[in-house]
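Data first, discussion second: the structure below is written as C-alpha cells.
Laboratory data are not the source of any read-out in this text; all were calculated from the coordinates shown. Computed from a predicted structure; not experimentally measured. All Cβ positions, glycine included, derive from the backbone under ideal geometry; neighbour counts span all protein chains shown.
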Amino acid sequence: MAETANTTNVEVDKITYRNFESEKDLAIIIGLIEKELSEPYPIYTYRYFVQKWPQHTYLAFYEDQCIGCIVSKLDDHQKHGQYEKQKRGYIAMLAVHPDFRRLGLGRKLISKTLDKMKEDGADEIILETEITNLSALRLYESFGFIRDKRLLSYYLNGNDAYKLKLYVK
Ligand SMILES: CC(C)(COP(=O)(O)OP(=O)(O)OC[C@H]1O[C@@H](n2cnc3c(N)ncnc32)[C@H](O)[C@@H]1OP(=O)(O)O)[C@@H](O)C(=O)NCCC(=O)NCCS
C-alpha cells in the first residue's frame, strides 16, 4: 500500500464521477479495493452492496481509468430498546489509487455518498477503520464522524478498528 505522489500532471477538473452501472464495474472495483485495503472480501460481499445499492456506490475516472471508489449502503436499523426504526448509512469500502492521492478525491467520494444518504433520509452513518489508518481517520473526522467504539481484533490481520459514527439528525 505504498503512497506515491505522482500527481503533478493530473488535471483535476478532468476527473469524473458516476454511480455503479454494471458487472464490468464490479471487476474494476474489486481490482482497486483488493490492492488498497488490507481486509480481503469475498465476491458476494461486493455483490451484496453494489447490486442492492448501486446508487450508493461511486466510481471516479481519469482518462478512462478508474482511480477511486466508494461502496456504501443505506437501510433500516432498529436501535436496541427503541420502537422506531432509523435509517442507517454504512460506508463499506473506500480506496483511491496511490498515484491520485491528496488531490481531494477521497473527500469528494465521501461527500457524494454522504449527500446521497442524507437525501435518502439517513439518520446516522457508520463505518469501521483500522486504528492505525491515520489518513482515513483524519479524513472522516473532518466530516464530523466521531469515534464511537473500539472493536478489538476486528480485522483478519489482528488490528483493532474504530467504529466511526456521523449523526445526521
Ligand atoms: C484514505 C484515502 C481514501 C484518502 O484518499 P485521498 O484522495 O488521498 O484523500 P484526500 O486528498 O481527499 O484528502 C483529504 C484529507 O484527508 C487527510 N489525509 C488524506 N491522506 C492523508 C495522509 N496520507 N496523511 C495525513 N492525512 C491525510 C487530510 O486531512 C486531507 O486533507 P489535505 O490534503 O487538505 O491535508 C486514501 O489514502 C486510500 O485510498 N488509502 C488506502 C485505502 C484506505 O485506507 N481506505 C479507507 C478505509 S476506511
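If you scan the stretch 128-148, which residues turn out to be among the basic types (Lys, Arg) and either exposed (fewer than 13 other Cβ atoms within 10 Å of the Cβ) or within 11 Å of the ligand (Cβ to nearest atom) (or both)? Please lay out each step first, then the result.
So in the stretch 128-148, the residues among the basic types (Lys, Arg) come out as 138, 147.
The answer is Arg138, and nothing else.
Within the stretch 105-158, how many residues are in a strand (DSSP E or B), charged (D, E, K, R) and without any contact (Cβ under 8 Å) to a residue 24 or more places away in the chain? Lay out the reasoning, then the answer.
So the first thing to find is which residues in the stretch 105-158 are in a strand (DSSP E or B), and the list is 124-130, 146-151.
Then keep just the ones that are charged (D, E, K, R); that gives 124, 128, 130, 147-150.
Imposing the further condition that a residue be without any contact (Cβ under 8 Å) to a residue 24 or more places away in the chain reduces the set to 147-150.
So the answer is 4.
Regarding the stretch 109-127, can at least one residue be identified that is within 25 Å of Lys14 (Cα to Cα), polar (S, T, N, Q) and near the ligand (Cβ under 9 Å from one of its atoms)? Spell out the reasoning first.
First, pick out the residues of the stretch 109-127 that are within 25 Å of Lys14 (Cα to Cα): 109-116.
Checking which are polar (S, T, N, Q) leaves us with 111, 113.
Adding the requirement that they be near the ligand (Cβ under 9 Å from one of its atoms) leaves none.
No.
With respect to Ala92, determine if the residue is among the aliphatic types (A, V, I, L, M) and either touching a residue at least 60 places away in the same chain (Cβ under 8 Å) or within 28 Å of Asn157 (Cβ to Cβ) (or both). Outline the logic, then answer.
Working: among the aliphatic types (A, V, I, L, M): yes; either touching a residue at least 60 places away in the same chain (Cβ under 8 Å) or within 28 Å of Asn157 (Cβ to Cβ) (or both): yes.
Judged against the criteria, Ala92 is a match.
Given the condition within 12 Å of the ligand (Cβ to nearest atom), within 24 Å of Thr16 (Cβ to Cβ), in a loop (DSSP other than H, G, I, E, B) and under 17 Å from the mean Cα position of the chain (by Cα), answer yes or no: does some residue in the stretch 90-97 qualify?
yes
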